[in-house]
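Before any comments, here is the structure.
The values are calculated or read from the model by the stated rules, or taken from the named source; none is laboratory data. The structure presented is a predicted model; accordingly, all values stated were derived computationally and were not measured. Cβ atoms come from the backbone with ideal geometry, glycine included; neighbour counts cover every protein chain shown. What goes into the accessible areas is simple: the full protein's heavy atoms, side chains included, and nothing from ligands, DNA or RNA. Shrake-Rupley method; radii C 1.70, N 1.55, O 1.52, S 1.80 Å.
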Amino acid sequence: MEEFIESFYDILDETEKNEINKNTDFKNLDEWDSMVTLMLIAMVDENYAKQISGTDLKESLTLENLFMRIQSK
Amino acid sequence: MKEDNFSLIDKTILVTGATSGIGFEICKQITVAGGNFIGIGRNIEGLHQFIVDNKLALSKAVKFDLTALDDIHLLVSELHLKIDGFVHSAGIANVSPMHFFNYSEYEKIRKINLDCVLVLFSELLKKKKINKKSSVIFISSISAIRGAKGNGLYAITKSALDTISKVYANELSSKFIRVNTLQPGMVETDMSLQAENILSKDIMDIDRAKYPLGYGEVKDIALPVIFLLSNASKWITGQSIVIDGGRTSIL
Ligand SMILES: NC(=O)c1ccc[n+]([C@@H]2O[C@H](COP(=O)([O-])OP(=O)(O)OC[C@H]3O[C@@H](n4cnc5c(N)ncnc54)[C@H](OP(=O)(O)O)[C@@H]3O)[C@@H](O)[C@H]2O)c1
């Protein structure tokens, strides 16, 4: 989980580190846009060899929720 | 009898990607236009059934994995006749920003979308399996001419198809072999379904709204392919033609 949060932080440019933790409502970050979406999908593919879908993103409120979904794949 | 310049009677067309989506529809429309096809793909059951159901004695489905570049010469040696046209519709896409460039992913996409055509076309020419006045069509994409996010690797392979088609057109002009590409916008197939699964329906709906005529159907690409295969287009070569329901012509 720590690693996942770190990797998510790495794909961001504008967001402060203290805003990113397991409870972060990531889709409501100011920086969240189509590019960050694609980067997140590609990061999960590279680091975890798993494909996440639009539905996974839609149904995950926090980073922790998303991480759980990735792990259950 | 009146000459029908749009007919494909007595013509045999080699089609890659023939087992699904746009390529499968191209095979169906070749049949409607009176021609025969040799369709290539890995999962040929559906195409084979189509041939059986319609009693197409002169068409066939050939099981072949186009990533096996070293075996393409075998595929060509086994061709029992000379072809009058060649359509490359096999293709795969992925969604990944260039930030995450990955060489093996690049190689995988490039093999199917681009490299196999270079090998296959060269073999067809060397073994003289392609008739004079043949027509060759590569299915490119509007991704080749627009910088869509996440589409980089796919775009590289498609723009390469567009460019190389002009070289072929020039090199083969003395045989009157014509070479063109079509650049479709989003067409409803397995490929667009896959995009919807990755990106979600909401994002696809926003994209769909940018198409003045909506997303395309496989016929919208297959019928222009038939036109390019026929004599009706005998003065068209070295061109890349956008077919996208108006997507790239609006602000
Ligand atoms: N759909 C669109 O929105 C769209 C838009 C622009 C351009 N295009 C282009 O149009 C072409 C056809 O797309 P489509 O939508 O019809 O896609 P599709 O339904 O996914 O069909 C892809 C075809 O490629 C073949 N293929 C993939 N990997 C192969 C391999 N290793 N060996 C042999 N054949 C292989 C598949 O055959 P098997 O699985 O049987 O091997 C299948 O027949 C592609 O080049 C695509 O880039 C599509």
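Structure values in brief
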{"quantity": "Cα-centred dipole magnitude for the protein assembly as shown, charges only on beta-carbon of K, R (+1) and D, E (-1), debye, nearest 20", "calculated": "2280 debye"}
{"quantity": "Solvent-accessible area per residue, Å², over the range B:162-246 with all protein chains present [probe radius 1.4 Å]", "calculated": "51 Å²"}
{"quantity": "Spin-label model distance (nm) - B:GLU105 vs B:ASN170, 7 Å beyond Cα toward Cβ", "calculated": "3.4 nm"}
{"quantity": "Dipole magnitude of the range B:105-157, debye to nearest 20 (Cβ charges: Lys/Arg +1, Asp/Glu -1, about Cα centre)", "calculated": "360 debye"}
{"quantity": "Protein accessible surface hidden between A and B, which excludes ligands and nucleic acids, total in Å², probe 1.4 Å", "calculated": "1100 Å²"}
{"quantity": "Charge dipole magnitude, Cβ of K and R +1, D and E -1 - chain B, Cα centre, debye nearest 20", "calculated": "800 debye"}
{"quantity": "Net length gained if the chain between B:ILE250 and B:LYS55 were fully extended (0.36 nm per residue, minus Cα distance)", "calculated": "65.7 nm"}
{"quantity": "Shielded by partner chains, the range B:195-218 residues - at least 40 Å² of accessible area, 1.4 Å probe, vs chain alone", "calculated": "B:ILE198"}
{"quantity": "Interface residues, the range B:84-105 - accessible area loss of 50 Å² or more versus chain alone, probe 1.4 Å", "calculated": "B:PRO97, B:PHE100"}
{"quantity": "Length-normalised contact order of the range B:96-251 in % [C-alpha pairs under 8 Å, at least 6 apart]", "calculated": "27 percent"}
{"quantity": "Euclidean distance of C-alpha centroids, the range A:28-52 and the range B:138-216, integer Å", "calculated": "24 Å"}
{"quantity": "Cβ-based charge dipole, the protein assembly as shown, positive-most Cα from B:SER192, A:SER60, B:SER165", "calculated": "B:SER165"}
{"quantity": "Chain A - percent relative contact order, Cα under 8 Å, separation 6 or more", "calculated": "35 percent"}
{"quantity": "Chain B - convex hull of the alpha-carbon atoms, volume per residue in Å³", "calculated": "138 Å³"}
{"quantity": "Protein-protein interface of the range B:133-179, residues with accessible area decrease of at least 10 Å², isolated chain reference, 1.4 Å probe", "calculated": "B:LYS149"}
{"quantity": "Peptide B:49-57 - average C-beta neighbours from other chains (10 Å radius)", "calculated": "0"}
{"quantity": "Dimensionless Rg over Rh [the protein assembly as shown; C-alpha; Kirkwood]", "calculated": "1.04"}
